[in-house]
Amino acid sequence: MRRIFTLLLSGFFLLVTDLAMAQQPATKKDNHIYGEIKSKLGEALSGASVKISNEQYVGAIADSTGNYDISTSLAGKVTVIVSSVGYRPQTRDVYLKAGHSIHIDFTLTEDNRQLNEVIVAGTGNNQYKVKQLKESGFNVNVIDVNEYGNISTDINQVLKRTTGVLVRESGGVGSDFTFQVNGLAAKIYIDDIPMDQYGSSMTLNNIPVNLIDRIEVYKGVVPAHLGSDAMGGAVNIITKQKTRKFLDASYSYGSFNTHQVALTGGIRDRKTGLKLRASTYYNYSDNNYMMYSDSMYNVDLRIVKRDEATGTYRQVSIDKARRFYDTYRSAMGEVEVGYEKVKWADWFTIGLTYGENKKQHQLGSTVNAVMGGFWTENKYLMPTIKYRKDNFIVPGLFANLYANYSNNKDVNRDTALYRYDWIGHWAANAGGDRIPEVFTKYFDNSYTARANFNYNLDKENNHSLNLNYTFNTTRRKVYDEAETNPYKKDLSGLPSKQGKHIIGLAWQGQWLKKRLISVASFKYYGMVTKATMDGRVFDDFGKPVGGEIHTRKDFFGFPSGSLALRYRITPDWGVKGSVERGYNLPEMTALFGNGQFVVANLDLKPERSDNFNLGAYYNHFIGEHFINLDASAFYRNSKDYIASQVLSDNIHSQSRNFPGVTLYGFEAEARYGYKDMVSLSANISYDKAVDNWKYTDSTNSQVSLTYKEQLPNRPWMYGNANLMLGKRDLVGKGTRVQLNYMYQYMHWFYLTWAKLGSPGSKNFVPGQTVHSLILAYSWKQDVYNISMEARNLTDERLYDNFRLQKPGRAFYVKLRVSLM
Amino acid sequence: MKKLNVAGMVLATAFVMPFIQSCSKTPDTGTKPDDTKQTKEYAIFVTVGNSSSSENYYTLTTADLMKDTLLSPVNSGIEPDNITSWAYIYSVFYQGSFYYTQDGNIISKQKIVGGKYKELGNIVASAGSWQLGMMKTFFNNNGLNFLSWEVKYNQAEDVIEKNLYIIDTAAMTVKSNNPVKFPVPAFTIYDNNGNPMAKKDIPLTPSSFSIRDNKAFIGFYYDWITKIDTAYMLVCDYPALTNVKLLKDTRLGHVSGAWYASSSSFTDENGDYYFSTINKNKTYGLLRIKSGTTEIDPGYAYDLKEVGNIAGAASWGDYAGSDHHVYIKSGLAFMGSYMIDVRNKKVIKDLNSFGLGKVQMTMDTYTENSNEVYVVLKTDDARWFVGKYDVAANTLKRGVEIHSGIKGISRIGRLR
């Protein structure tokens, strides 16, 4: 598409130039400027245009080998301008002597600037998609992750900067987190594939930004091609994919001994279409940041000390403590081989992904539940096959087929046998008695297949039908390796199984000269769960003497429907709305636990939600200034709302169905840009979840005091602001200096019901502001980059969860080579 | 000019954000005087919410339990510091102080000071496995006595052990923690699936606990929910915990009572120890161990079938009788909603018959002057009241009203 567009544009330019030149009186053209136009990876940029500044009729188009030749009668100093779709324009001053030729080669850099800049410049493939998505019928935020290429960060940190997205982390790199879009647990996809297919080594908290091209955050109705049980929202992470050669390599180092390496690249043979793409990353962090007691927030770090006078062990308060058992490392490697843009396939690849991580767990659910020997490990292997073809079998039919198998292994082990306190001493069992060893293994084998077909109903592509079927089945076996009884060790390996079938049919239409876009869809969700229960009887020696193993099966099936509309009032203004009844099927971990902190709940039911979204957008140019405004509101009425609840031991949690929860809120974002020199954005999100459980008991005689009250322990107002100032060629040709200031805000929220309890005694998570600064310097047209980042500059105490402090001030430096 | 104004507005909006922080780090506690900061005479412990979403606990304080006023947890009541439901169950309130278990291995002593709970001391266990998880508690001159949650099968002696901790509550030290040795049952215990349990897996639930005449009395049943119609009472020397003797009685079912702080037994002025039982028809009974003896009185068995299941109104757990029984004076004891003359085996009064509301089950029953019994009343239209029953006058009066919409009231207690 891009190539066609390039050729068309070039052809148009050539035609205009030739026609124009034909109308000029013949002049003697003795002088030549010639050379080659390439990308940074050495690819010839066929169709690139070359012209001489202020000379309307003097120019050329690069041929298929990237060569150009301009003949001109001009002499003296002239400025040559080179441009190509998707690349930054370049200018070069040359001095022409009469009758002479000058050889100048150009190497262009891919344009990955922001949407507003791109619209100004009219270039950028990724930005074109961003714009396209934003103006589709869906309520979607699209994040161009290339903006974050010089920042030492992961996807979570990027996502939490967008409206309506709430990420709550319990610590530093690789820490546990929860993720919500507009108050509901959103499904996450990588290149349209549900992320739960990947192991825990590939999650939002460890994928480096440099592997990612853009992130689409859908709110309300989700496109049919994301054929899963995404309800009320979804996140689709699009990895870097190019039809030509590309390479992006980066390394960052920072506070708490944090290292991050990321490498992605690809090549494609133009003649045969054979392509190879590979990506890898490695993350490591000690996460040994300082924790503080803070009387303002009632945070009280404690250690255990022996009272010498009485011999009694006691907890005593300390001012601060450094985390001592929280290292995290993760690594991933992915390779894809296949063909692109060949006669029989637009895309056909076979891929293999391997990932692993190892994580130490410093804390349970509370700040003094300190652990010193509990670690988890994950390894997964996933072969994939992808096939895409336009005009598949019949003209107008697009097929997108995908299948994978994944083998995932988790190990949970506590080798310490003791409880610890904040200075790393044995605490609760300081007397020396050991607590039982934990050693469990979880094996998940999963198959996923997805078939997506899109058929254009008319030549103008105004109407299309999309059929999607997704099947997924996961079989889990659990082994308790700490069990010494061989009979019981064996029984711990009983399998659990979950199967999901989701079929969706969507009709997309464009009406009123494309001012109105509609997407109506129907989905059917089916879920089968099977848990194997052990009813065997054991004697005092652990030998089975009777009973049997039996299975429990459950099936859930639900139809649902949705409608999404976008109406463009003027070229600048538009409104969007969607309505949906959706289902969220429980995840494997929620159903069967994970052997770490999540306890199984076999009675967990799918969550149903009626979702309504309404929004408006405004895009406007004033010369080279760009303004974008987005605002939307949502309402969700949820039944059997699934939420994780901390259990009474304060260590484990379990997903449970809440009888009724209503969620509502709004969000707004404003962006301003001037060329690629200034970018300023600010957003705010407000969402509330209200308890709809009316009565206090089964007699339905007493309306609960918490009925219609905001659910406690969840943030409800948060926002971000970013300011970017950049200047090209400030310290030399081809350089760029950029300063980013990033600001995050989260309003305080109560741990318990807001209206209950005396204000002075209430527990709360404090309001927080995070200020970060990033200074980046690029040279050789953004090929080489170095950046320095100061995160949480004011060393603010940050808590997403009650008293579980996150890292304080941190510094990072990042080196990056980008041949895009 | 107009163009610049639009851009300026956007800029201004963005830059306003950082300044929001200045007033929003903590909730606004308002200018309203916080009356919970004054040390009041009494505390009422209420629960709000539901266990599947978020259940929280608030301590309402009042100078007078009988004042005609409305107490509400709305913008009032003291919120405990990070205490969840288990802390209320694994807890005991005694002479104005709370003692509760944290993480199964820490006992914390707390008191309300200046409108907040303040820790006065703590003890950390020397080992894990819920050693300091409190089950049945009993206060005497030695301090706090409690049976530990931890249970062990001692293969060498073929007994099931549960430690009895004695805590000096002034110094917050462990005075002793010797094991009480329960015999392994001669009959088979079955799990929820109907499978026989191995000895090491058998839970043991203490239901009644008292110390008298240097003897400890522990009513108990094996498993969490007993299906045996026999009352078991263990007697041993206190504090040595030697000379273990197992008493059995088949007349009125098994012992009743939950494993936590609520009491299902009492001792009268004569030193006679009464403990309640419940049979398979879920009707109650009372048995007695007379003063100076270590045998169940064969001449005393009070079948309370006329009052039915007096724990039917239970809010706290579903074990074998989640009741709380308390002795008043002169042979009178309060059980469920009934005032009962236990010596003469006679029901004196059903407090529900006053028509002022139904008596609710609580963890403790607060009494004063061996004459006034404070109860929690809930009306048919879901209004909650504290009621005072005057034993001598045989009258029941409503006192403070608690805001409707709470889930329950667990305790009434005196703070000073």
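The values are calculated or read from the model by the stated rules, or taken from the named source; none is laboratory data. Quick caveat: nothing in here was measured; it's all calculated off a predicted structure. In this analysis, Cβ positions are derived from the backbone assuming ideal geometry, glycine residues included, and neighbour counts consider all displayed protein chains.
So which strands (runs of 3 or more DSSP E) are wholly in the range A:171-255 and hold at least 2 residues that are over 30 Å from A:Asn288 (Cα atoms)? It would help to see each step written out before you state the result.
Details: elements: A:177-181, A:187-190, A:212-219, A:233-239, A:246-254.
Ranges flagged: A:187-190, A:212-219, A:233-239, A:246-254.
Take the conditions within 11 Å of chain B (Cβ to nearest Cβ), over 30 Å from A:Leu725 (Cβ atoms) and outside any loop (DSSP other than H, G, I, E, B) and apply them to A:Ala668. Does it pass? Working first, answer last.
Working: within 11 Å of chain B (Cβ to nearest Cβ): yes; over 30 Å from A:Leu725 (Cβ atoms): no; outside any loop (DSSP other than H, G, I, E, B): yes.
In short, no.
Only one of A:Leu7, A:Leu14, A:Leu41 is farther than 26 Å from A:Gly265 by Cα and either modelled with pLDDT under 75 or touching a Gly at 6+ places or on another chain (Cβ under 6 Å) (or both). Can you tell me which? Working first, answer last.
Values: A:Leu7 fails: farther than 26 Å from A:Gly265 by Cα; A:Leu41 fails: farther than 26 Å from A:Gly265 by Cα.
Result: A:Leu14 is the single residue among A:Leu7, A:Leu14, A:Leu41 that is farther than 26 Å from A:Gly265 by Cα and either modelled with pLDDT under 75 or touching a Gly at 6+ places or on another chain (Cβ under 6 Å) (or both).
Of everything in the range A:317-341 that's touching a strand residue (DSSP E or B) at 6+ places or on another chain (Cβ under 8 Å) and of a type in the set (A, V, I, L, M, F, W, C), which residue is surrounded by the most Cβ atoms within 10 Å (Cβ to Cβ)?
Here the residue is A:Met332.
Which strands (runs of 3 or more DSSP E) does the range A:311-404 wholly contain that include 2 or more residues that are in contact (Cβ under 8 Å) with a residue 60 or more places away in the chain and more than 30 Å from B:Lys109 (Cα to Cα)? So that I can check it myself, show each step before the final result.
On the way: elements: A:312-318, A:320-322, A:328-342, A:345-360, A:374-389.
Answer list for the range A:311-404: A:328-342, A:345-360, A:374-389.
Can you tell me which residue in the range A:279-331 is farthest from the other protein chains (Cβ to nearest Cβ), limited to those that are under 16 Å from A:Thr258 (Cβ atoms) and charged (D, E, K, R)?
Checked the range A:279-331; the qualifying residue farthest from the other protein chains (Cβ to nearest Cβ) is A:Arg329.
Exactly one condition in (1) over 24 Å from A:Asp444 (Cβ atoms); (2) of a type in the set (A, V, I, L, M); (3) modelled with pLDDT under 75 is false for A:Met533; which is it?
(1)
Could you tell me which of the residues A:Gly673, A:Gly660 is small (Gly, Ala, Ser), more than 8 Å from chain B (Cβ to nearest Cβ) and closer than 30 Å to B:Thr379 by Cα?
Working: A:Gly673 fails: closer than 30 Å to B:Thr379 by Cα.
It is A:Gly660.
Matching residues to (1) at pLDDT below 95; (2) surrounded by 17 or more Cβ atoms within 10 Å (Cβ to Cβ); (3) closer than 28 Å to B:Tyr99 by Cα:
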{"position": "B:Asp380", "(1), (2), (3)": "yes, no, no"}
{"position": "B:Phe385", "(1), (2), (3)": "no, yes, yes"}
{"position": "B:Lys388", "(1), (2), (3)": "no, yes, yes"}
{"position": "B:Lys397", "(1), (2), (3)": "no, no, no"}
{"position": "B:Gly408", "(1), (2), (3)": "yes, yes, yes"}
{"position": "B:Ile412", "(1), (2), (3)": "yes, yes, yes"}
{"position": "B:Leu415", "(1), (2), (3)": "yes, yes, yes"}
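Among the residues of the range A:775-789, what is the count of those that are buried (at least 18 other Cβ atoms within 10 Å of the Cβ) and either within 7 Å of another protein chain (Cβ to nearest Cβ) or in contact with a Phe, Trp or Tyr (Cβ under 8 Å, 6 or more places away or on another chain) (or both)?
Total meeting the criteria: 4.
With a cut-off of at least 1 residues that are over 23 Å from the mean Cα position of the chain (by Cα) and of a type in the set (Val, Ile, Thr), name the strands (runs of 3 or more DSSP E) lying wholly within the range B:325-387.
On the way: elements: B:325-329, B:332-335, B:338-341, B:346-350, B:358-360, B:366-368, B:372-378.
Strands (runs of 3 or more DSSP E) meeting the threshold: B:346-350.
Which residues, counting only those in the range A:720-751, are within 22 Å of A:Leu159 (Cα to Cα) and not hydrophobic (A, V, I, L, M, F, W, C)? Before the answer, list the steps.
Residues of the range A:720-751 within 22 Å of A:Leu159 (Cα to Cα): A:720-725, A:738-749.
Matches in the range A:720-751: A:Asn720, A:Asn722, A:Gln738, A:Asn740, A:Tyr741, A:Tyr743, A:Gln744, A:Tyr745, A:His747.
Just checking: which of the strands (runs of 3 or more DSSP E) contained wholly in the range A:722-820 hold 2 or more residues that are under 26 Å from A:Asn210 (Cα atoms)?
A:736-746, A:768-779, A:784-791, A:810-819
Residues of the range A:405-423 being in a strand (DSSP E or B) and within 14 Å of chain B (Cβ to nearest Cβ), which ones?
Hits for the range A:405-423 are A:Asp414, A:Tyr420.
Quick one: would you say B:Thr26 is at pLDDT 60 or above, surrounded by fewer than 16 Cβ atoms within 10 Å (Cβ to Cβ) and under 30 Å from A:Gly719 (Cα atoms)? Walk me through it before giving the result.
On the way: at pLDDT 60 or above: yes; surrounded by fewer than 16 Cβ atoms within 10 Å (Cβ to Cβ): yes; under 30 Å from A:Gly719 (Cα atoms): yes.
Yes.
Of all residues in the range A:677-701, count the ones that are surrounded by fewer than 20 Cβ atoms within 10 Å (Cβ to Cβ) and facing another protein chain (nearest Cβ under 7 Å).
Looking only at that region, the number is 2.
When you check B:Asn154 against the structure, is it over 22 Å from the mean Cα position of the chain (by Cα), touching a residue at least 60 places away in the same chain (Cβ under 8 Å), surrounded by fewer than 18 Cβ atoms within 10 Å (Cβ to Cβ) and closer than 24 Å to B:Lys199 by Cβ, yes or no?
Details: over 22 Å from the mean Cα position of the chain (by Cα): yes; touching a residue at least 60 places away in the same chain (Cβ under 8 Å): no; surrounded by fewer than 18 Cβ atoms within 10 Å (Cβ to Cβ): yes; closer than 24 Å to B:Lys199 by Cβ: yes.
No.
Which of the strands (runs of 3 or more DSSP E) found entirely inside the range A:543-643 contain at least 2 residues meeting this: closer than 28 Å to A:Lys409 by Cβ and without any contact (Cβ under 8 Å) to a residue 60 or more places away in the chain?
On the way: elements: A:544-546, A:549-568, A:573-584, A:607-622.
So the answer is A:549-568.
Looking at the range A:461-477, which of its residues are in a strand (DSSP E or B) and farther than 11 Å from A:Arg450 by Cα? Full working, then the answer.
Start the filter on the range A:461-477 by keeping residues that are in a strand (DSSP E or B), which leaves A:463-477.
Listed by number, the residues that qualify are A:His463, A:Ser464, A:Leu465, A:Asn466, A:Thr473, A:Thr474, A:Arg475, A:Arg476, A:Lys477.
Would it be correct to say that B:Ala216 is small (Gly, Ala, Ser) and modelled with pLDDT of 90 or more? I'd like the intermediate steps shown before the answer.
Numbers: small (Gly, Ala, Ser): yes; modelled with pLDDT of 90 or more: yes.
Yes: the conditions hold for B:Ala216.
Report the residue count in the range A:752-770 for those that are within 8 Å of another protein chain (Cβ to nearest Cβ), in contact (Cβ under 8 Å) with a residue 24 or more places away in the chain and crowded, with 20+ Cβ neighbours inside 10 Å.
Result for the range A:752-770: 8.
If you check every pair at least six apart or on different chains, which have Cβ atoms under 6 Å apart with a residue in the range B:402-416 that is within 7 Å of another protein chain (Cβ to nearest Cβ) first and a residue that is of a type in the set (Ser, Thr, Tyr) and part of a loop (DSSP other than H, G, I, E, B) second?
B:His403/B:Ser72; B:Gly405/A:Ser704; B:Lys407/A:Thr696
I'd like the full set of residues that are over 30 Å from A:Leu159 (Cβ atoms) and part of a loop (DSSP other than H, G, I, E, B), limited to the range A:702-719.
In the first step, residues of the range A:702-719 are kept if they are over 30 Å from A:Leu159 (Cβ atoms); the result is A:702-708.
Hits for the range A:702-719 are A:Gln702, A:Ser704, A:Leu705, A:Thr706, A:Tyr707, A:Lys708.
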